[in-house]
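Working notes for the structure below.
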Amino acid sequence: MRMELYHCLNRGVDKRTIFLDDADRKRFVHGLEIFNDVKPVENNVYFFSKTTGSIESIDLRGRYERPRKRKPIVDIHGWCIMGNHYHLLVSERVEGGLTKFLMKLNVGYAKYFNKRYERTGTLFQARTKKIRIESDAHFLHILHYIHLNPLDFLKGASDWRDLRIQNRAAALKHLERYRWSSYLDYCGKKNFPGIITTNIFGDFFGNYRHAIETYIKDLEVESIQDFLLE
């Protein structure tokens, strides 16, 4: 099967915040791993092991279970969690894998969120938006674009989409402090390394921190404006 790369985005209904704290963000990150599997997810409680750094589980009868080996249905090449939305850069491993993965991811997180916050109803505004990466320009920019999203939270850099960053050094430091994306893993700092596949972009860009530093200096978001999902 020929690899096709997709930029995927979904946000909260009415643009509501869907990641309220680190517990929510960790739960979504859990989902990026546990839902990426040919088999359905068991009705277990999943958590991060402080000892192994991986996802482990306890079944409903309280029995500890080590995580079984999974058979991924997609490759995740990049991701970022924001306040009311998420970005993913994904390719399929099996036919129909992308649709299946996104459905499991969204439904699983919505069930968690509604239970935690004692709410009912739809959490996401619609089906996940997907756009295929077809041009060289889009390929060259899209991973950087996803990783720059956390600049929305940095004073003086929130206008980066309009090609304005007041302090580039501060912007890079902010990205290095923000752990809820694949940026750190691409920079060689193990954050959530079991989730992503870095070989395609890692081989292409080489030193990723240097690559994104250069990108910030010559910001050209306008060149892919027509391809963005926001």
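Below is a table of values for the structure above.
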item	result
In Å², nearest 10: area of ARG70 left accessible to a 1.4 Å probe	40
Dipole magnitude of region 113-194, debye to nearest 20 (Cβ charges: Lys/Arg +1, Asp/Glu -1, about Cα centre)	360
For region 103-170: rounded, prolate or oblate by the Cα gyration tensor [a/c cutoff 1.5]	oblate
Within straight-line cross-link reach of LYS129, lysines at Cα separation under 16 Å, skipping those fewer than 8 residues along the same chain	LYS15, LYS100, LYS104
Protection-proxy order for peptides 179-185, 208-214, each taking the mean of Cβ atoms within 10 Å per residue, highest first	179-185, 208-214
Contour minus Cα-Cα distance for LYS189 and ALA137 (0.36 nm per residue)	16.0 nm
Magnitude of the charge dipole, region 72-142, Cβ model with Lys/Arg +1 and Asp/Glu -1, debye to 20	460
Per-selection Kirkwood Rh - region 73-230 (Cα, Å, 1 d.p.)	16.8
Spin-label pair ASP218/PHE153, simplified geometry with 7 Å Cα→Cβ offset, distance in nm	3.0
Stretch gain in nm, segment ARG177-LEU20, where the contour uses 0.36 nm per residue and the Cα spacing is subtracted	54.7 nm
Length gained when the stretch VAL41-ASN199 is fully extended (0.36 nm per residue, less Cα-Cα span)	54.2 nm
Over region 178-218: Rg over Rh, Cα atoms, Kirkwood Rh	0.97
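The values are calculated or read from the model by the stated rules, or taken from the named source; none is laboratory data. Every value quoted in this text rests on a predicted model; they were computed, and no experiment measured them. For neighbour counting, all protein chains shown are included, and Cβ atoms are generated from backbone atoms with ideal geometry for every residue, glycine included. Surface areas here come from the heavy atoms of the whole protein model, side chains and all, with no ligands, DNA or RNA. Shrake-Rupley method; radii C 1.70, N 1.55, O 1.52, S 1.80 Å.
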